[in-house]
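Colleague: Let me give you the structure first, and then I'll get to my questions.
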Amino acid sequence: MNHKAGLEHDLFVIYDKECPLCNRFACAAVRTPTLHLLNGRENPALLGQAKTKGLDIDRGIIVSYKNELHFGADALELIARKVAFTGPTKFLLRLVARYQWLAKLLYPLMAVSRRQLLKILGRPLINIPR
């Protein structure tokens, strides 16, 4: 993903605002000028770019930092190191930042939970075409 000049050190988190878990996670993030939370459902061009690199928002969170894409557990680890959070999310992400293996263990469960929750709520996956 190419960012405008001056934004290459910003963190761009692409998430699913329709998912209550993802939205709660995004709402717990402490906003800063260098953090950009982007609803994947409103940014199909960005998701299309990510998909050409083999990244699917319906399989995991996507983060762009320093013009590099991070996905799933790796994205979660990066978020844990770079973003401040409030509430219970803060505690969980402190653990993830300290113990990187924890992200690799928890993230697949989080991704499956998101897909199942959307199914239960009758909400579609994002499904960005190639």
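The values are calculated or read from the model by the stated rules, or taken from the named source; none is laboratory data. This structure is a prediction, so every number in the text was calculated from the model and none was measured. A quick note on method: Cβ atoms are made from the backbone with ideal geometry, for glycine too, and the neighbour counts reach across all protein chains shown. All accessible areas refer to the heavy atoms of the entire protein, side chains included, with ligands and DNA or RNA removed. Shrake-Rupley method; radii C 1.70, N 1.55, O 1.52, S 1.80 Å.
Colleague: Within the stretch 80-99, does at least one residue satisfy the condition of being of a type in the set (F, W, Y) and open to solvent by 40 Å² or more (accessible area, probe 1.4 Å)?
Modeller: For the stretch 80-99, residues of a type in the set (F, W, Y) and open to solvent by 40 Å² or more (accessible area, probe 1.4 Å): present.
Colleague: Among the residues of the stretch 82-102, what is the count of those that are over 19 Å from Y65 (Cβ atoms) and among the small types (G, A, S)?
Modeller: Residues in the stretch 82-102 being over 19 Å from Y65 (Cβ atoms) and among the small types (G, A, S): 1 in total.
Colleague: Filtering the stretch 59-79 down to residues that are of a type outside the set (A, V, I, L, M) and open to solvent by less than 10 Å² (accessible area, probe 1.4 Å), which residue is farthest from E8 (Cα to Cα)?
Modeller: Of everything passing the filter in the stretch 59-79, G60 is farthest from E8 (Cα to Cα).
Colleague: I'd like the full set of residues that are over 24 Å from P108 (Cβ atoms) and surrounded by 15 or more Cβ atoms within 10 Å (Cβ to Cβ), limited to the stretch 16-43.
Modeller: Scanning the stretch 16-43 gives L35, H36, N43.
Colleague: Moving on. Could you give me the residue pairs with C-beta distances under 8 Å whose first residue belongs to the stretch 28-56 and is farther than 13 Å from F71 by Cβ, whose second residue is among the hydroxyl-bearing types (S, T, Y) and open to solvent by 40 Å² or more (accessible area, probe 1.4 Å) wherever it lies, and which are 6+ apart or on separate chains?
Modeller: The qualifying pairs are A28/T86; V30/T86.
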